[in-house]
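Derivation of every value follows stated rules applied to the coordinates shown; laboratory data play no part. Being a predicted model, the structure only gives us computed values, none of them experimental. Note that we place each Cβ from the backbone using ideal geometry, even for glycine, and neighbour counts take in every protein chain shown.
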Amino acid sequence: MSAPRVLLVSNGYGEMAIAGYIARAIAAARPDARIEHLPLVGTPPVAAWPPTVGPRADMPSGGLVAFWNLRNIARDLGAGLIGLSLRQFAFLLGRRDDVVVAVGDIFCLAACSLFARRPTIFVATAKSEYVARHSALECAIARRAREVFARDAATAQALNARGVRAAWAGNVMMDGLTATGAALPGGTNSVRIGVLPGSRVDAADNAAAAVRRLAIVAALIRQRGRRVQAYVSLAPTVTLDALLAGLLRGGVAVAPTGAGDGVIAVATTESLDVAVIRGAFGDLLRSSEIVLGQAGTGNEQAVGLGVPVVSAADSLPGDPDRVSWYRMRQQRLLGDALLVLPAHDDEAFARGIVALIDDAPRREAMARAGRERMGGAGAAARIAQAVLAVAAKDEQP
């Protein structure tokens, strides 16, 4: 068999990372494979792998347009979404790949199956039976895929019952959490809390809100002789300068360490220590007792490792529709592994965190629920084998 040609297509920031996990698994099985990535949403870093191809641009919504979020759809339309989509469809029409892997929601699959016109494998990341049943139209589109990998067992079972060839191979999100061995700070008297501000344009504001609330948490537990050690994750799509500016707005001046990865910036206040972490996400999650998360994929990876996650109901003051629907969806998806607290009262939010710190049985129950909902690692390798099997069967001259 000649070198397989594989195009991964994603439509979300978290989906970019998932596409990368699958690409690495394909390359491990077939080092000669030609693998490229078309992101329908967002712009990966310049040095991203696999190589990025095709038209791409950042949209105001960051891809959060599910459930007919009309405000976000209107903002994206104003930013040129239709023109971008048409250019992306034209790009797909001109491809000659052996197999296409659609990573994301049903729109991503529809674009691939209609325009790429090549055998398509669908890695469904966006919808679960825990949140909402697939519509008849969604099932009809899903039947066009050569194979569907659902995000959980319950969804795979429901899709199969409706004539979709679906399987559950585990959760690809859990395949990218290898520990690097990075040395993270935090003494025995510290409560270690991860902060996941996300990868979209609101990441700096989310980080500001998180450290503002953690300063209150630190003041509440200081009388017990304990400190708070915060690990703030820097996503590849967020600049360090923007994140540091956000942390400063939250009341903490964080200074760069000069390191390229691991702990790249630090701050110490009276009872709160802050470390900004880059390139060591698995280490961050494994070092955290609790996570404050406004992320999508990051939150789900955290609960999959058994780390309880606390989220704010809304992330942008004055724009509650921005994520309130999204957080509600995530709470249904993750069940008891996710605690959502009101965002408008920092004092009440902080007291909720302290109550969780003090409630070991609840944290243990949240950890069990997260592992059950997310499942284990290994899905990327299974999907890679399916991709290569389709490429071998449908090889073109």
> What list of ³J(HN,Hα) values in whole Hz, one per residue of the range 122-137 in order, does the Karplus curve 6.51 cos²θ - 1.76 cosθ + 1.60 (θ = phi - 60°) give from phi, with Gly and Pro shown as x?
Replying inline: 10, 9, 7, 9, 9, 10, 9, 4, 5, 9, 7, 6, 5, 6, 4, 5
>> Among 214, 280, 94, which residue has its Cα furthest toward the positive end of the charge dipole of the chain, with +1 on Lys/Arg Cβ and -1 on Asp/Glu Cβ?
In response: 94
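Which value, in debye to the nearest 20, describes the size of the charge dipole of the chain about its Cα centre when Lys and Arg Cβ atoms bear +1, Asp and Glu Cβ atoms bear -1, and nothing else is charged? Mind dumping the intermediate values first?
On the way: 43 positive and 35 negative charges, 158 e Å.
Approximately 760 debye in magnitude.
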> Where does the chain land on Rg(C-alpha)/(2.2 N^0.38 Å)?
Replying inline: 0.98
> Where does the Debye-calculated log10 I(q)/I(0) of the range 190-374 sit at q = 0.11 Å⁻¹, using only Cα point scatterers of equal weight, no solvent?
Replying inline: -0.41
> Where does each of 134, 344, 37 land when they are ranked from fewest to most other beta-carbon atoms within 10 angstrom?
Replying inline: 344, 134, 37
> Using helices alone, what [θ] at 222 nm do you get for the chain, with -39,500 (n - 2.57) per DSSP H run of 4 or more residues, divided over all residues and rounded to the nearest 500?
Replying inline: -12000 deg cm²/dmol
> So, by mean Cβ neighbours within 10 angstrom, what's the order for 27-34, 385-392 with the highest one leading?
Replying inline: 385-392, 27-34
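Which ordering of 285, 240 is given by a fewest-first count of other beta-carbon atoms within 10 Å? Write out the running numbers ahead of the final one.
Details: 285 23, 240 14.
Fewest-to-most Cβ neighbours within 10 Å comes out as 240, 285.
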> What is the helix-to-structure angle for 81-93, meaning the angle in degrees between its Cα long axis and the longest Cα principal axis of the chain, kept from 0 to 90 and rounded to the nearest 10?
Replying inline: 40 degrees
> Among 222-231, 190-199, 7-16, 122-131, what's the highest-first ranking by average C-beta atoms within 10 angstrom per residue?
Replying inline: 7-16, 190-199, 122-131, 222-231
